[in-house]
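In what follows, a single structure is set out as structure tokens and then discussed.
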Amino acid sequence: MLEKIEIQNFTCFPQATLNFSKGLNVIVGENGTGKSHILKLGYAVLRSLRRDASFVKEVYARDFATQLLEIFRPDVLGRLPLRAHGHRSCTIEAAWMKKGKLGLNFSPRNTELVNIDYFESPAYILLPLFVPPKEILSVFPGFQHALENRELSFDATYLDLAKALGASPLKGPRLERIGRYLTLLEEMIGGQVNLENGKFYFHSHSKNSINKKLEAQLMPEGHRKLGMIMHLLRTGGLTKRSTLFWDEPEANLNPKLIRKLAGILVHLSSFMQIVVATHSLFLLREFEIFAEQERNNNIRYFGLHFDGPHVCVIQGDSPHKIGNITSLDETIGQSSRYLNAGE
């Protein structure tokens, strides 16, 4: 689990420090403020600690550079430092699981490796998962093979997700412990999503359903996204002490499902770390409501704001403490325009 990330001169951030909750973390901001960059950087840090990683300093320096290239997909590593300050180095510092810490830097001239300032890591870290705005259940057959063998315009988060979705379901006590969360998700989409012979299918629980079994391609896209989370829970891809990064979880969901999704994420954050980036004021409000109902204090909010050509970060334990929220301002403005439209 991430505890802290501190960056200087990284992409659009001249300086930012993010102190993460061990539960739910919510990042909000306008388009172009770097929400996805924060998610991807956090993912790169934890991904670099996977079981097969080498922690020899020189090898790790090259491996972490590869992580950044695979996840952000710039032409070269040197495209990631903020260039407004000339050729100053970008620095990244991170901390996780109390004892883990990393400090590194690289400049616009770096191409294949970063410079490690310090690095300490506890034992094996659970591989994190990154869920992009688009689902992949509908393209799953052959998707992993294509990503591994072809030059396609998908970053590494898609391949990692495809590998996790291909795992077999858990059995016994480990499956029983997440049973109630699976039940909640099944109630949300009205059935169950299963992997059968390399393809995903939806099995309806409705007695009135005409089609009891549907190919994933025929499911509503929002349901496919929720089906991915259902399957990842069932296979152990998401488990206790996991970290889930989810970019725009509200995409293609109607408000009724967004409300239920907010409840699911708040519940899941009681045993795993979740970091989401969102544009949805509706989702933000639902997080507040569920947090109050559940008396959940493990929610942290991050507001990303333009400061001239750059971006600054304001964080707090409430949406009211992270500066102006553009989606709220625009909603209020729309209401005023609507009320005045008939005058």
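Annotations
- Taking the C-alpha atoms of the range 44-178, convex hull volume expressed per residue in Å³: 155 Å³
- Computed over the range 162-226: relative contact order in percent, which uses C-alpha pairs under 8 Å that are six or more apart: 21 percent
- The relative contact order of the range 138-288 comes to 21 percent, based on Cα pairs under 8 Å that sit 6 or more residues apart.
- In the chain, the sites counted are trypsin sites (Lys or Arg not before Pro) in DSSP loop states with at most 14 other Cβ atoms within 10 Å, and the longest stretch holding none of them, exclusive of the sites, is 242-294.
- Neighbour-count ranking [beta-carbon atoms within 10 angstrom, fewest first] of Ser107, Ser280: Ser107, Ser280
- P(r) for the range 162-202, from all Cα pairs and a bin width of 5 Å, is 6, 19, 23, 29, 22, 2 %, short bins first.
- Pairs from the list Lys35/Lys256; Lys163/Lys260; Lys163/Lys212; Lys99/Lys240; Lys4/Lys321 with a Cα-Cα gap above 21 Å: Lys35/Lys256; Lys163/Lys260; Lys163/Lys212.
- The alpha carbon radius of gyration of the range 178-247, expressed as a multiple of 2.2 N^0.38 Å, is 1.12.
- Exposure proxy ranking for Leu24, Leu175, Leu195, based on other Cβ atoms within 10 angstrom of each Cβ and starting from the fewest, stands as Leu175, Leu195, Leu24.
- If the segment from Phe271 to Lys212 were pulled out straight at 0.36 nm per residue, it would be longer than the present Cα-Cα gap by 17.9 nm.
- Gain on full stretching of the segment that runs from Glu196 to Val139 - 0.36 nm per residue minus C-alpha separation: 19.1 nm
- Near Glu6, once Lys and Arg are set to +1 and Asp and Glu to -1 for all other residues with Cβ below 14 Å from its Cβ, the sum equals -1.
- Evaluated over the range 1-85, the Cα radius of gyration and Dmax, each in Å: 13.6, 39
- If the chain linking Asp307 and Glu187 were pulled fully straight, counting 0.36 nm for each residue of separation and taking away their Cα-Cα distance, it would gain 38.9 nm.
- Here is the tail figure for the range 136-239: Cα pairs spaced more than 24 Å apart come to 24 percent of all pairs.
- Solvent-free Debye scattering, log10 I(q)/I(0), computed from the Cα coordinates of the range 272-341 at q = 0.13, 0.26 Å⁻¹: -0.47, -1.26
- Put in line by how crowded their Cβ is, counting other Cβ atoms within 10 Å and starting with the fewest, Thr111, Thr33, Thr235 read Thr111, Thr235, Thr33.
- Distance from the range 236-302 to the range 3-41 (C-alpha centre basis), Å: 17 Å
- Relative contact order [Cα under 8 Å, 6+ residues apart], the range 15-166, whole percent: 20 percent
- Ile274 long-range amide H proximity, modeled H, under 5 Å: Leu24, Asn25, Leu244
- P(r) tail fraction, the chain - alpha-carbon pairs more than 37 Å apart, %: 20 percent
- Paired Rg and Dmax values of the range 162-308, which use every Cα atom, in angstrom: 16.0, 57
Just so you know, all these numbers are worked out from the coordinates, no wet-lab data involved. No experiment lies behind these values; they were computed from the predicted model shown. Here Cβ is always computed from backbone atoms with ideal geometry, including for glycine, and neighbour counts include all displayed protein chains.
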